[in-house]
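Down below is the structure, laid out as structure tokens.
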Amino acid sequence: MTDQADLADLAAMAEGHEGALRSLHGRHATKVFRFVLRLVRNEAIAEEVVNEAFVEIWRNAARFRGGSSVSTWLLSVARNKAVDRLRKRSEEALDEEAAAAVPDDADTPEVELAKRDKGALMRRLIDGLSPVHKEIVDLVYYQEQSVAEAAQILGVPENTVKTRMFYARKQLARLFAEAGIDRGWP
């Protein structure tokens with residue numbers, strides 16, 4: 001149903017119907033925001049990137065040819081906007097004093113285990129992955145994208161996605177073992 005509604009909204013957007021943009025935004029904004037937030041790690045920037053992505057979708061609605069699902073296209077546009085924003089941000093000069101003043105209040109593995117917050121522990125372990133592996137885990141497991149959709153979003157071959165997934169799982173298994181969590185942990 002959602003795919004049909006998304007396609008109908010894109011067709012209406014191509015004809016200039018703003019209500020269709022609101023409808024599409026309502027169905028996908030939260031998912032796109034969460035995906036972008038994991039990339040940029042700043043809520044204000046994530047909101048800006050999501051808004052920029054939906055503006056681009058609005059402007060290019062007539063160009064959508066259906067080679068992927070609308071949600072895959074949305075995530076792809078949002079990812080590209082986020083990557084552009086990260087590049088711009090990395091080009092800015094780092095204020096050494098401000099960076100040194102930021103407190104490091106990260107919990108140790110022992111504290112994490114003591115809290116028994118499995119979701120938080122899992123997120124922390126996923127954050128320990130390299131950026132490309134973290135992105136694959138996010139797309140496939142949290143955004144529920146298929147290998148083909150993840151490949152399209154990232155602009156890489158499907159076999160690259162499969163290889164990254166393999167190594168991400170391997171890294172996660174190592175991180176779980178280091179945290180003292182066995183494979184039977186739910």
Exercise for the section: Pick out the one residue from Arg124, Arg79 that is among the charged types (D, E, K, R), at pLDDT below 90 and surrounded by 11 or more Cβ atoms within 10 Å (Cβ to Cβ). Expected result: Arg124
Handout entry: Criterion: surrounded by fewer than 15 Cβ atoms within 10 Å (Cβ to Cβ), closer than 30 Å to Leu125 by Cβ and of a type in the set (Gly, Ala, Ser) - qualifying residue of Ala44, Ala62
Key = Ala44
Exercise for the section: Kindly indicate which of Ala99, Ala44, Ala53, Ala93 is modelled with pLDDT under 90, in a helix (DSSP H, G or I) and among the hydrophobic types (A, V, I, L, M, F, W, C). Expected result: Ala99
Completion exercise
Exactly one of Thr30, Thr2 is of a type outside the set (Asp, Glu), modelled with pLDDT under 90 and surrounded by fewer than 18 Cβ atoms within 10 Å (Cβ to Cβ), and that residue is Thr2
Handout entry: Cβ-Cβ under 7 Å pairs, at least 6 apart or on other chains, region 165-183 side on the phi < 0 side of the Ramachandran plot and surrounded by fewer than 14 Cβ atoms within 10 Å (Cβ to Cβ), far side modelled with pLDDT of 90 or more and assigned to a helix (DSSP H, G or I)
Key = none
Practice task
For residues that are hydroxyl-bearing (Ser, Thr, Tyr) and free of Cβ contacts under 8 Å to residues at least 40 places away in the same chain, scanning just region 131-161, find the one that is nearest to Leu175 (Cα to Cα).
Solution key: Tyr141
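The values are calculated or read from the model by the stated rules, or taken from the named source; none is laboratory data. Worth saying up front: this structure is predicted, and the values here are computed from it rather than measured. Cβ atoms come from the backbone with ideal geometry, glycine included; neighbour counts cover every protein chain shown.
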